[in-house]
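This report concerns only the one structure given below.
The values are calculated or read from the model by the stated rules, or taken from the named source; none is laboratory data. For clarity, every value in this text was computed on a predicted model and none was experimentally measured. Positions of Cβ are generated from backbone atoms using ideal geometry, with glycine treated the same way; all protein chains shown enter the neighbour counts.
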Amino acid sequence: MLSPDAVEQPQNQPEPTTGQAVDFVQMLKNGIPAWNQWRIDNPDTVPEMAGADLHGLALHQANLRYANLSGANLERVLADKADMCHANLQGANLISFSSSEGKLASADLTGATLSNAYLEACNLNAALFCGANLSNVSMKESTCWETDFTDAILFKADFRKAFLLDPKFANADITEVWFGWLADRSKVDLSKAKGTPTWEPMNANNDDDHPH
């Protein structure tokens with residue numbers, strides 16, 4: 001499990017690219033090693049991919065920090081260990097998106113659709129999921145330090161074995177959400193949330209009993 005100290009600290013944000021247009025989508029399709037090297041060589045350039053169609057791509061270990069993916073289609077994208085810290089994913093389609101050990105710290109997923117997504121062992125610290133649809137999303141073993149789920153739909157989401165510290169659930173639908181025994185209830189304020197969640201018994205065996 002990630003340490004709760006793994007909060008993504010603000011850095012100098014790269015500026016949007018200017019001059020000759022860059023086909024960022026094609027660059028991604030050409031392979032992640034070349035993409036990541038380009039990001040290293042061009043640290044001040046923001047990949048502008050708003051509304052891009054990336055569905056079904058394999059983006060394992062891709063460096064997508066600060067990328068603008070607002071409104072993009074990332075349905076069924078596979079992105080284990082991808083770095084999407086500070087990325088703009090507002091209104092994006094992440095249905096069945098899958099990322100194990102990915103980094104989404106401080107990413108903005110306001111209004112995004114993540115139903116049936118797999119976000120296990122991910123760093124979700126300070127991410128914004130305001131108004132997002134996270135129905136049936138698995139966030140097992142992820143860290144959610146000050147993660148904002150305000151107005152989100154979390155129907156049957158799974159937080160078992162997740163580290164939760166001061167997340168925001170105001171007006172969120174937490175109907176049938178699974179919270180794990182590792183979560184400190186004193187650090188999880190559900191008083192303004194809607195619906196009834198389930199708290200697993202301490203030391204419960206929960207490997208396969210909550211299908212998605």
Problem set entry | Qualifying residue in region 34-50 (condition: under 28 Å from LYS168 (Cα atoms), of a type outside the set (Ser, Thr, Tyr), part of a loop (DSSP other than H, G, I, E, B) and free of Cβ contacts under 8 Å to residues at least 60 places away in the same chain) | yes
Exercise. For the subset of region 170-211 comprising residues that are in contact with a strand residue (DSSP E or B) (Cβ under 8 Å, 6 or more places away or on another chain) and not in a loop (DSSP other than H, G, I, E, B), which member is modelled with the lowest pLDDT?
Worked result: ARG185
Problem set entry | Within region 114-163, considering residues that are at pLDDT below 95 and among the basic types (Lys, Arg), the one surrounded by the fewest Cβ atoms within 10 Å (Cβ to Cβ) | LYS161
Exercise. Do we have any residue at all in region 8-17 that's at pLDDT below 95, under 24 Å from LEU114 (Cα atoms) and not hydroxyl-bearing (Ser, Thr, Tyr)?
Worked result: yes
Seminar exercise, completed: Filtering region 89-107 down to residues that are part of a loop (DSSP other than H, G, I, E, B) and touching a residue at least 60 places away in the same chain (Cβ under 8 Å) yields ALA105, SER106
Exercise. Which numbered condition trips up SER115, out of (1) out of contact with any strand residue (DSSP E or B) (no Cβ under 6 Å at 6 or more places or on another chain); (2) closer than 15 Å to VAL177 by Cα; (3) without any contact (Cβ under 8 Å) to a residue 40 or more places away in the chain; (4) not aliphatic (A, V, I, L, M)?
Worked result: (1)
For this session: Quick one: in region 108-162, of everything that is polar (S, T, N, Q), in contact with a Ser or Thr (Cβ under 7 Å, 6 or more places away or on another chain) and outside any loop (DSSP other than H, G, I, E, B), which residue is farthest from ALA193 (Cα to Cα)?
Result: ASN123
